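Student: Here it is, the structure, as structure tokens.
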Amino acid sequence: MDYKSIIMAVIEGEEEQAAELAQKLLSYGAAPLEIIDYGLIPAMAQVGRLFKDGEIYVPEVMMAASVVSFVIERLKPLLAGEISHKGTVVLGTVKGDLHDIGKNLVALLLENNGFKVVDLGADVPPQAFIEAVAIHDPQIVGLSALLTTTMPQMAATIRAFAEAGCRDKVKIIIGGAPVSYGYAAEIAADGYAEDAIGAVDLCLSFLKEAE
Ligand code: B1M
């Protein structure tokens, strides 16, 4: 299967073309998750490299990001998950951070693995996570960050849970490109996942533990 064309379409911000190419790949037998893994994610990695090297600027990055979201929206119905919920995850990108593509992928895969996901979006302050936990009673809270400057908001969110007296109520997991196992340990998160599949495995393992 050739993913080069869809990768180029994302990088060039060609929304309709990317959606058509995704459709074509599906008709050749590609699974929706393969299109995400071999097409959309590598395209964003390439966009990141071009941005870092000063070959493209924020508007082009935003265009590429919106193409990815557009294609994912179209693949979503093909990834129908279970209807009964195994557990609930409150998910968000931390305060000050607007990156939401990775977080949206985590939400998508969790939903497709039977979780109810309460997605708080991006730029979420600690208090909003705490309020969502009070309302939705999840087993797990997932924090995403893509900037080294917003990673400390993960620690701040965990501290806010402790200060509000509800740290023990939930498992808190973290993820995002600059985050690591070491950082999770440092801020006393309950877990770290490198990618969306890893986040699903981690959440499933917490539910198993609680049984
Ligand atoms: Co920005 N940005 N960005 N950006 N951006 C990065 C992150 C950067 C690495 C680019 C670079 O310099 N090479 C750099 C950060 C450097 C650093 O902190 N060290 C950067 C910068 C500097 C910035 C701005 C400051 C730029 C500026 O304005 N001068 C600015 C900050 C805005 C803000 O947030 N306050 C900014 C803005 C933007 C856009 C708005 C233009 C856009 C975001 C659009 C959107 O998300 N809706 C954007 C994008 C798209 C990127 C890159 C190019 C791509 C990110 C992405 O979507 N990757 C990125 C470069 C890169 O990562 N290569 C970059 C694809 C996605 C599938 O991967 O998000 O890593 P990722 O998610 C993965 C895993 O990390 C993991 O699973 C996902 C799927 O496998 N994961 C989790 C993520 N969350 C998880 C949570 C979990 C578990 C796993 O559990 C809860």
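The values are calculated or read from the model by the stated rules, or taken from the named source; none is laboratory data. Note that the structure is a prediction, hence the values are computed from the model and not measured. Positions of Cβ are generated from backbone atoms using ideal geometry, with glycine treated the same way; all protein chains shown enter the neighbour counts.
Student: Kindly provide the set of residues from segment 47-106 that are among the aromatic types (Phe, Trp, Tyr) and either touching a Gly at 6+ places or on another chain (Cβ under 8 Å) or near the ligand (Cβ under 6 Å from one of its atoms) (or both), ordered by number.
Tutor: Of everything in segment 47-106, just one residue is among the aromatic types (Phe, Trp, Tyr) and either touching a Gly at 6+ places or on another chain (Cβ under 8 Å) or near the ligand (Cβ under 6 Å from one of its atoms) (or both), namely Phe51.
Student: Which one is nearest to the ligand (Cβ to nearest atom) among residues in segment 179-194 that are surrounded by 16 or more Cβ atoms within 10 Å (Cβ to Cβ) and touching a residue at least 12 places away in the same chain (Cβ under 8 Å)?
Tutor: First, pick out the residues of segment 179-194 that are surrounded by 16 or more Cβ atoms within 10 Å (Cβ to Cβ): 179, 183-184, 187, 189-193.
Then drop every residue that is not touching a residue at least 12 places away in the same chain (Cβ under 8 Å), which leaves 179, 183, 187, 189-193.
Working: Val179: 7, Tyr183: 12, Ile187: 13, Ala189: 9, Asp190: 11, Gly191: 8, Tyr192: 7, Ala193: 4 Å.
Filtering first and then ranking leaves Ala193.
Quick grid of which residues meet (1) under 16 Å from the mean Cα position of the chain (by Cα); (2) modelled with pLDDT of 95 or more; (3) of a type outside the set (Val, Ile, Thr):
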| site | (1), (2), (3) |
| --- | --- |
| Ala164 | no, yes, yes |
| Val170 | no, yes, no |
| Ile173 | yes, yes, no |
| Pro178 | yes, yes, yes |
| Gly191 | yes, yes, yes |
| Gly198 | yes, no, yes |
| Leu202 | yes, yes, yes |
| Ser205 | no, yes, yes |
| Lys208 | no, no, yes |
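Student: Got a sec? Which of Gln153, Gln127 is surrounded by 15 or more Cβ atoms within 10 Å (Cβ to Cβ), in contact with a helix residue (DSSP H, G or I) (Cβ under 9 Å, 6 or more places away or on another chain), over 24 Å from Glu111 (Cβ atoms) and of a type outside the set (A, V, I, L, M, F, W, C)? If you could, list the steps in order and put the result at the bottom.
Tutor: Working: Gln127 fails: surrounded by 15 or more Cβ atoms within 10 Å (Cβ to Cβ).
That would be Gln153, the only listed residue that is surrounded by 15 or more Cβ atoms within 10 Å (Cβ to Cβ), in contact with a helix residue (DSSP H, G or I) (Cβ under 9 Å, 6 or more places away or on another chain), over 24 Å from Glu111 (Cβ atoms) and of a type outside the set (A, V, I, L, M, F, W, C).
Student: Let me ask something else about it. If you scan segment 195-211, which residues turn out to be in contact (Cβ under 8 Å) with a residue 40 or more places away in the chain, closer than 16 Å to Val106 by Cα and among the aliphatic types (A, V, I, L, M)?
Tutor: Ala196, Ile197, Ala199, Val200, Leu204
Student: Considering Ile130, Ile135, Ile172, which residue is among the β-branched types (Val, Ile, Thr) and within 14 Å of the ligand (Cβ to nearest atom)? Write out each step before concluding.
Tutor: Working: Ile130 fails: within 14 Å of the ligand (Cβ to nearest atom); Ile135 fails: within 14 Å of the ligand (Cβ to nearest atom).
When all the criteria are applied, what remains is Ile172.
Student: Suppose we keep only residues that are in contact (Cβ under 8 Å) with a residue 40 or more places away in the chain and surrounded by 19 or more Cβ atoms within 10 Å (Cβ to Cβ) within segment 27-40. Which one would you say is nearest to the ligand (Cβ to nearest atom)? Explain how you work it out, then say what you get.
Tutor: Going through segment 27-40, the residues in contact (Cβ under 8 Å) with a residue 40 or more places away in the chain turn out to be 32-33, 35-36.
Subsequent filtering for residues that are surrounded by 19 or more Cβ atoms within 10 Å (Cβ to Cβ) retains 32, 35-36.
Numbers: Pro32: 14, Ile35: 13, Ile36: 8 Å.
Restricting to residues being in contact (Cβ under 8 Å) with a residue 40 or more places away in the chain and surrounded by 19 or more Cβ atoms within 10 Å (Cβ to Cβ), the top hit is Ile36.
Student: Just checking, how many residues over segment 104-127 are modelled with pLDDT of 95 or more and assigned to a helix (DSSP H, G or I)?
Tutor: 2
Student: Given (1) under 25 Å from Ala22 (Cα atoms); (2) more than 8 Å from the ligand (Cβ to nearest atom); (3) within 13 Å of the chain's Cα centre (by Cα); (4) of a type in the set (Asp, Glu), identify the lone condition not met by Asp119.
Tutor: (1)
Student: Please specify each residue of segment 133-167 satisfying the condition of being in contact (Cβ under 8 Å) with a residue 24 or more places away in the chain, part of a loop (DSSP other than H, G, I, E, B) and either among the small types (Gly, Ala, Ser) or under 19 Å from Phe206 (Cβ atoms) (or both).
Tutor: Passing the criteria: Asp137, Pro138, Gln139, Ala145, Ala164, Cys166.
Student: Identify all residues within segment 159-175 that are over 20 Å from Phe115 (Cα atoms), surrounded by 19 or more Cβ atoms within 10 Å (Cβ to Cβ) and not aromatic (Phe, Trp, Tyr); write none if there are none. Don't jump to the end; show me each part of the working.
Tutor: Step one: filter segment 159-175 for residues over 20 Å from Phe115 (Cα atoms), giving 159-168.
Of the ones still in play, those that are also surrounded by 19 or more Cβ atoms within 10 Å (Cβ to Cβ) are 161.
Listed by number, the list is empty, since nothing qualifies.
Student: Collect the residues in segment 72-95 that are under 26 Å from Gln17 (Cβ atoms) and modelled with pLDDT of 95 or more, keeping them in residue-number order.
Tutor: The answer is none; no residue qualifies.
Okay, residues lined up against (1) of a type in the set (S, T, N, Q); (2) under 30 Å from Leu207 (Cβ atoms):
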{"residue": "Glu12", "(1), (2)": "no, no"}
{"residue": "Ala18", "(1), (2)": "no, no"}
{"residue": "Leu26", "(1), (2)": "no, no"}
{"residue": "Asp37", "(1), (2)": "no, yes"}
{"residue": "Val47", "(1), (2)": "no, no"}
{"residue": "Thr93", "(1), (2)": "yes, yes"}
{"residue": "Leu98", "(1), (2)": "no, no"}
